Amino acid sequence: MFSFHRPSRPLVSAVQGLPKARRRRALAAVDLRDLSWQRRAAPALLAILGVCVADLSTGKERYLAPLMTVVPSIAALTLSAAGVLGVCTIGLVALIGLNRYDQVTAVQDQRFLFGSMVTYLALTLFSAYVAEIRMRRAAAFAAVSSVAEAAQRALLRRPGPEVGPLRLAVRYASAADEARIGGDLYSVLDTPHGTRVLVGDVRGKGLDAVQTAAVVLGAFREAAYDEPGLRQVATRIEASVERHVPDGEFTTALFGEVRGDGMVELLQYGHVPPLRVAPDGTVTVLDAPDPWVPLGLGRLADGQPQSWHQPFGAGDVLVLCTDGVVEARRRGGGEFYPLERRVAQLVAGAGGTVAELEAAVGRLYADLLGHTGGDLSDDALLMLVSRGD
């Protein structure tokens, strides 16, 4: 009678990169299937035990057995329909035993006893029905989420830890619990013209932001291989945004190109400036000498954006991020996250190996979550980049 579809396991792995509080909420949305049956049944079983202890400890002068009617409602929150029926059967046995202990089975108490038993049975059946509906919705959510996860993986193709001469370490958190990608985007490609990097931030968040991110990433993956210069790459992307993104929507972006000369070419479109952390801990903000307007607003500006070059040697670490990082506030509406002040002690000297870089981005992300109290209100992207030998 009560059948259900077990949610798929990929959804559990989809939330492993989230902060603990958000991971708990996401797992709760798939019906707590990540927990054992014993842990899911524990609240209802503890309720049964609590009613029994309360009734027995107050003696036969107090009749507290009808409190057992809370058990079906509690069981419906965490168990399947079959689980609700099983736990409520235990509760029914306990209820009958308490009735005999309290000696309410006499003829003069029959009507009251009959009413409490009927109420308990009716609540049990209704709670089993509610549990079945909850399970079906959880199964549907799991199926849709697994498809969405596959689509998001295809859109945001995470690069490997080494791309061309670059070592990479990334932390990405979407503001939506069920999403792997939001309005922030990144891509690193090894092309015939050099290793090219894109970090961007779409205005807003949600489905509209994801659609815009898809346009920008798709255009970059094509243009990065075809165009000889960064400015031509950005011009191609600007044209795609104007064609396919609604008016008024824009994307801040930072382009980078690394060749073998110990330099990095940068092109900024209204994005957060990158930081360069030297092996000795010196932090340099790489501000653009001529910053440009975000992608999608180019028709409002005169002239052309200009790239600039910065030293980027072995041991240096480039810290690229979005405004979800630098504008993350301390819990309670306090100060912004002081990235420039904190990054040296967390990242300096980590550019030698992929493992060191991964550990550094983990420390930096943990420090960010510590600043905000464990949760982020906006999409956030952190990327650390260093050169190989």
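Condition (residue is closer than 26 Å to GLY351 by Cα, buried (at least 17 other Cβ atoms within 10 Å of the Cβ) and without any contact (Cβ under 8 Å) to a residue 24 or more places away in the chain) applied to the range 316-325: is it met by at least one residue? The answer is no, given that none of the residues of the range 316-325 is closer than 26 Å to GLY351 by Cα, buried (at least 17 other Cβ atoms within 10 Å of the Cβ) and without any contact (Cβ under 8 Å) to a residue 24 or more places away in the chain.
A count restricted to the range 118-137 and to residues that are under 15 Å from ALA82 (Cβ atoms) and either surrounded by 19 or more Cβ atoms within 10 Å (Cβ to Cβ) or of a type in the set (D, E, K, R) (or both) stands at 8.
So is LEU32 surrounded by 15 or more Cβ atoms within 10 Å (Cβ to Cβ), at pLDDT 80 or above and under 30 Å from GLY374 (Cβ atoms) or not? So LEU32 fails the test. Specify the residue that is nearest to PRO43 (Cα to Cα); the eligible residues are those in the range 83-95 that are out of contact with any Ser or Thr (no Cβ under 9 Å at 6 or more places or on another chain) and open to solvent by 70 Å² or more (accessible area, probe 1.4 Å). The extreme case among them is ILE90. Figure legend. Inter-residue proximity from the range 230-254: first residues over 21 Å from ARG196 (Cβ atoms) and at pLDDT 95 or above, second residues of a type in the set (Asp, Glu) and part of a strand (DSSP E or B), beta-carbon distance below 6 Å, spacing 6+ or different chains. No pairs are indicated.
Comparison of THR284, THR235 shows that the only residue that is outside any helix (DSSP H, G or I) and surrounded by fewer than 20 Cβ atoms within 10 Å (Cβ to Cβ) is THR284.
Take ASP261 and decide whether it is open to solvent by 30 Å² or more (accessible area, probe 1.4 Å) and over 31 Å from the mean Cα position of the chain (by Cα). It is true that ASP261 is open to solvent by 30 Å² or more (accessible area, probe 1.4 Å) and over 31 Å from the mean Cα position of the chain (by Cα). Taking the conditions (1) within 26 Å of GLY194 (Cβ to Cβ); (2) open to solvent by 20 Å² or more (accessible area, probe 1.4 Å); (3) touching a residue at least 60 places away in the same chain (Cβ under 8 Å) in turn, ASP375 satisfies each one other than (1). Within the range 330-344, the set of residues being open to solvent by 80 Å² or more (accessible area, probe 1.4 Å) and not in a loop (DSSP other than H, G, I, E, B) comprises PHE336, GLU340, ARG341. ALA301 passes every criterion in (1) closer than 20 Å to GLU238 by Cα; (2) at pLDDT 95 or above apart from (2).
Looking at the structure I just gave you, is LEU98 modelled with pLDDT of 75 or more, of a type outside the set (Val, Ile, Thr) and open to solvent by 50 Å² or more (accessible area, probe 1.4 Å)? For LEU98, the condition - modelled with pLDDT of 75 or more, of a type outside the set (Val, Ile, Thr) and open to solvent by 50 Å² or more (accessible area, probe 1.4 Å) - is not met.
Restricting attention to the range 174-190, the residues that are touching a Phe, Trp or Tyr at 6+ places or on another chain (Cβ under 8 Å) and either at pLDDT 65 or above or within 21 Å of TYR269 (Cβ to Cβ) (or both) total 5.
On the stretch given as the range 54-95, residues that are part of a loop (DSSP other than H, G, I, E, B), in contact with a helix residue (DSSP H, G or I) (Cβ under 8 Å, 6 or more places away or on another chain) and either small (Gly, Ala, Ser) or at pLDDT 90 or above (or both) total 1.
The values are calculated or read from the model by the stated rules, or taken from the named source; none is laboratory data. Just so you know, these numbers come straight off a predicted model, no measurement behind them. Neighbour counts run over all protein chains shown; Cβ positions are idealised from the backbone, glycine included. These area figures cover heavy atoms from the full protein model, side chains too; ligands, DNA and RNA do not enter into them. Shrake-Rupley method; radii C 1.70, N 1.55, O 1.52, S 1.80 Å.
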